[in-house]
Amino acid sequence: MKILYGMQKPDEGTIAINGEQVSFSNPGDAIERGIGMVHQHFMLADNFTVLENVVLGGEKLYGIGSGARKKIKEISDAYGLGIRPDALVEDLGVADRQRVEILKVLYRGARILILDEPTAVLVPQEVDALFANLRELKAEGLTVIFISHKLGEVLSVADDITVIRRGTTVGTADPASTTTKQLAELMVGSELPSPETRESTVTDVPMLRVRDLALTVTDPDGTVRDVLAGIDLTIHQGEVLGIAGVEGNGQTELIEALIGMRIPDGGVITLDQDDISQVPTRKRREAGIGYIPEDRHRHGVLLDAPLWENRILGHVTEKPNSRGWLLDNKAARADTERIVREYDVRTPGIEVTAASLSGGNQQKLIVGREMSHAPKLLIAAHPTRGVDVGAQAQIWDQIREARREGLAVLLISADLDELIGLSDTLRVMYRGRLVADADPATITPEELGSAMTGAATGHLESPEDEAR
Amino acid sequence: MKKFDKDRLILGFAGPVLALVVALALTTVVLLASGRNPFEPYRIMFESASYVDVQVLIVNQAGTYYLAALAVAVGFRMNLFNIGVDGQYRLAAMMAALVGASVSLPGPLHIALIVIVAMLVGAFWAGIAGFLKTTRGVSEVVSTIMLNSIATALVAWLILPKNFGEQPAGSNNLTTGEIAESGWFPGLPMGDQAGEIYGFTFVAAGCGLLYWFVLNHTRFGFDLRATGASESAAQASGVDAKKMILTSMLISGAVAGLAGMPTLLGDTHTYSLDFPTGIGFTGITIALLGRNNPLGIAFSALLIAFLDKSSASLDQYGYEKEIATIMQGLIVISVVVSYELVRRYGIRRQQQKVGEELAAGHAIKTEKEAAL
């Protein structure tokens with residue numbers, strides 16, 4: 001993907017566009033050839049309008065004034081994107097921002113679109129809308145490369161499927177005659193993993209209790225905004241509590257308040273009978289909170305440090321990493337090798353830097369590290385994001401196993417199948433509040449999706465009940 | 001695994017070597033452009049460095065530089081740029097000299113008192129910047145630069161005869177008064193002509209050892225490095241970032257305070273207007289060149305001290321000794337550029353190698369694979 005977009009040079013092999021062999025030395029070349037990329041993480045300036053964002057860097061194409069506006073309107077109408085050129089990007093939702101990204105690419109004359117995990121941040125209804133847009137593009141003769149690890153989506157939108165595993169093409173499939181199961185087997189080379197948990201292991205011993213947690217932030221313009229309000233939740237030993245919600249509705253802040261990186265404005269956090277509301281982060285982690293952060297590069301690893309130093313990170317005061325005030329580098333190294341073996345981290349050794357591993361392997365290292373300290377509570381934010389299907393199944397297994405031994409898990413994920421499959425209890429977060437709860441045994445992703453957009457509150461019933 | 005370590009070693013040397021070669025080449029260009037013999041100055045410098053007395057000067061100078069560079073390096077490892085080492089060092093040396101001259105104590109105690117005062121003053125001065133950063137978010141770069149100027153003014157004021165200074169008879173110089181002999185740090189005599197190596201130079205070497213040990217083998221050192229590598233990750237791992245900033249500024253300042261000690265305790269025994277200045281800035285160059293590594297800093301300190309001391313003889317042969325200054329400047333520029341180049345190359349290379357090794361099936365055997 002990076003190679004197609006000119007961000008990296010291939011060692012060998014060729015790329016042909018419309019039968020013509022090409023080579024790119026930078027993204028500019030790729031754009032010139034009509035290749036456009038929509039990144040998983042949006043690259044938009046929040047305080048600019050849509051028009052300004054689209055024009056930025058492409059000022060020479062249609063100017064920056066009415067010409068550009070006309071062109072944007074034209075593209076937007078042609079493909080049914082519904083873009084308002086004068087809206088501020090910061091006021092737009094995730095789905096709208098994604099459409100802006102697509103428009104940005106089309107504006108630059110792209111005929112081939114690469115979309116990298118475009119649905120990761122969308123609720124099911126938005127996914128359907130995106131797919132409708134993609135079909136429009138297709139109908140206009142554009143080529144779309146859709147990269148996703150969600151098999152159902154690939155099957156429903158694609159005309160042709162190529163499966164890549166560990167850097168090589170392992171097969172192609174025709175979506176009309178392939179099932180998700182067959183596709184998954186191609187992807188992992190084995191059975192389809194499923195996040196479903198069979199038997200319940202929930203006990204009635206509360207492990208984490210949060211009462212009336214509130215957090216406000218002051219915006220640059222001086223207005224005070226509730227980020228978290230009236231959060232009440234209890235997680236018992238052996239229970240997985242899943243929180244569904246469109247990203248940016250307070251999940252990040254909730255996690256950071258629980259781990260001690262943000263000081264809440266009110267509320268009580270109790271871990272295993274102890275009030276930890278005022279306790280600093282390190283003490284909380286020592287008390288048994290494991291943490292799989294949502295942004296592993298920012299919060300989970302030191303990219304330039306070797307794996308064994310990353311194994312120490314977050315647990316520097318605990319065995320086997322240190323004895324008293326001194327580090328025990330030898331023991332930490334030995335234990336890193338154990339984690340690499342047990343958690344299937346693909347690496348030639350423990351002296352390589354974290355940056356040289358793939359995202360999935362970094363994640364496995366983090367999971368292994370957090371599980372190695374027998375946590376009482378695991379905060380898992382998007383534990384399988386950016387992780388290949390094989391590793392995903394393994395991480396699910398590990399969470400399930402720890403849950404059986406009495407671990408309490410707070411699971412936050414944008415992958416609704418993962419949430420529904422792993423959780424014992426589901427809550428929905430919307431604008432900093434827990435607005436709805438649901439039984440994962442009966443709820444459907446679509447239903448959950450509507451609650452995530454604030455359309456439904458209270459206890460969510462299963463569709464059968466509703467139909468009656 | 002061995003292979004990676006060897007790679008890292010080679011890459012570790014590649015940076016400084018590349019920088020020095022480029023700096024040397026550029027200096028030669030400068031010499032050519034100004035119509036000088038481009039090789040003669042180097043010969044003169046090397047010849048001068050072959051005398052024992054010059055060598056002693058170099059080693060003594062290197063000791064001072066080493067401490068200043070360690071002070072800078074402590075900050076660098078934390079992603080803090082303590083430009084104020086110079087001010088911390090001068091203020092500390094002066095206060096220590098004042099205290100040292102005004103008391104009489106038995107030998108070791110006297111020395112210990114002077115050293116402790118110097119460390120406390122240095123830490124205090126750097127601590128101001130640390131305090132401002134943690135409470136008000138003031139960039140330590142700005143505040144330490146300004147504190148340098150304030151230190152200059154403060155020292156000039158304190159040393160006035162009407163305050164704490166003295167004016168030796170028949171001289172325009174101002175001093176803090178001479179420290180009694182009990183407060184002199186014994187040196188290592190190198191022969192009649194050569195003078196002696198300051199005893200404090202060995203303390204400096206000890207500081208380097210301590211720096212290495214604390215950074216690599218203590219929890220505190222790990223927290224410090226983690227914060228320097230990624231503040232957000234360190235915070236998530238439980239490091240109190242503010243406390244860490246303040247602590248490392250205090251340590252940096254305390255070490256900066258030590259930088260004046262070799263000269264004060266081993267040579268001048270007083271702080272006067274002609275006490276060496278600019279040590280802190282040279283320390284930045286050396287810390288950069290030595291990549292914050294205690295051994296690297298030692299070599300860099302020796303190199304810069306060599307340039308300083310051996311260039312003195314250039315004047316006698318009709319060359320300007322500023323040639324060495326030009327060279328130092330060029331070293332700084334090429335160091336920054338070449339380290340970044342080598343770093344990027346290193347990352348790319350390692351990613352490539354890891355990919356290759358994995359593709360070739362050289363991964364550590366995991367249990368999952370063993371089970372298959």
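What to note about this one:
- Meets criteria (at the interface with chain B (Cβ under 10 Å from one of its Cβ atoms) and of a type in the set (Lys, Arg)) for residue A:262: no
- Residue that is farthest from the chain's Cα centre (by Cα), among those in the range A:348-371 that are at the interface with chain B (Cβ under 10 Å from one of its Cβ atoms) and under 21 Å from residue A:396 (Cα atoms): A:357
- Candidates A:273, A:237 - the one that is more than 14 Å from chain B (Cβ to nearest Cβ), buried (at least 18 other Cβ atoms within 10 Å of the Cβ), farther than 17 Å from residue A:427 by Cβ and out of contact with any Cys (no Cβ under 6 Å at 6 or more places or on another chain): A:237
- For first residues located in the range B:56-73 and under 12 Å from residue B:257 (Cα atoms), partners that are of a type in the set (D, E, K, R) and outside any helix (DSSP H, G or I) and lie 6+ apart or on another chain with Cβ distances below 6 Å do not occur.
This table checks each residue for (1) open to solvent by less than 40 Å² (accessible area, probe 1.4 Å); (2) part of a helix (DSSP H, G or I); (3) charged (D, E, K, R); (4) touching a helix residue (DSSP H, G or I) at 6+ places or on another chain (Cβ under 9 Å).
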{"position": "A:5", "(1), (2), (3), (4)": "yes, no, no, yes"}
{"position": "A:30", "(1), (2), (3), (4)": "yes, yes, no, no"}
{"position": "A:64", "(1), (2), (3), (4)": "no, no, no, yes"}
{"position": "A:69", "(1), (2), (3), (4)": "no, yes, yes, yes"}
{"position": "A:72", "(1), (2), (3), (4)": "yes, yes, no, yes"}
{"position": "A:84", "(1), (2), (3), (4)": "no, no, yes, yes"}
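- The range A:311-331, residues that are surrounded by fewer than 22 Cβ atoms within 10 Å (Cβ to Cβ), closer than 20 Å to residue B:234 by Cβ and more than 8 Å from every other protein chain (Cβ to nearest Cβ): A:318, A:328
- Unmet requirement for residue A:227, which otherwise passes all of (1) of a type in the set (A, V, I, L, M); (2) in contact with an Asp or Glu (Cβ under 8 Å, 6 or more places away or on another chain); (3) surrounded by fewer than 23 Cβ atoms within 10 Å (Cβ to Cβ); (4) modelled with pLDDT of 85 or more: (4)
- Test: residue in the range A:447-463 that is over 16 Å from the mean Cα position of the chain (by Cα), outside any helix (DSSP H, G or I) and surrounded by 19 or more Cβ atoms within 10 Å (Cβ to Cβ): yes
- Meets criteria (within 14 Å of residue A:240 (Cα to Cα), over 21 Å from the mean Cα position of the chain (by Cα) and open to solvent by less than 10 Å² (accessible area, probe 1.4 Å)) for residue A:407: yes
- Only one of B:121, B:115, B:142 that is in a helix (DSSP H, G or I) and open to solvent by 60 Å² or more (accessible area, probe 1.4 Å): B:142
- Taking each residue of the range A:412-430 that is among the aromatic types (Phe, Trp, Tyr) and looking for partners that are open to solvent by less than 20 Å² (accessible area, probe 1.4 Å) with beta-carbon atoms closer than 9 Å, six or more apart or interchain, yields A:430/A:245; A:430/A:250; A:430/A:436; A:430/A:451; A:430/A:452.
- Unique match (being more than 27 Å from residue B:78 (Cβ to Cβ), in contact with a helix residue (DSSP H, G or I) (Cβ under 9 Å, 6 or more places away or on another chain) and either in the same structural domain as residue A:211 (by TED's automatic domain parsing) or not hydroxyl-bearing (Ser, Thr, Tyr) (or both)) among A:340, A:316: A:340
- Of the helices (runs of 4 or more DSSP H) lying entirely inside the range A:90-172, those carrying at least 2 residues that are assigned by TED's automatic domain parsing to the domain that holds residue A:77 and either touching a Phe, Trp or Tyr at 6+ places or on another chain (Cβ under 6 Å) or surrounded by fewer than 18 Cβ atoms within 10 Å (Cβ to Cβ) (or both) are A:94-107, A:124-139.
The values are calculated or read from the model by the stated rules, or taken from the named source; none is laboratory data. Owing to the predicted nature of the structure, the values given are computational and were not obtained by experimental measurement. Ideal geometry is used to build each Cβ from the backbone, glycine not excepted, and the neighbour counts take in all protein chains shown. Note: accessible area is taken over every heavy atom of the protein model, side chains too, but ligands, DNA and RNA are not part of it. Shrake-Rupley method; radii C 1.70, N 1.55, O 1.52, S 1.80 Å.
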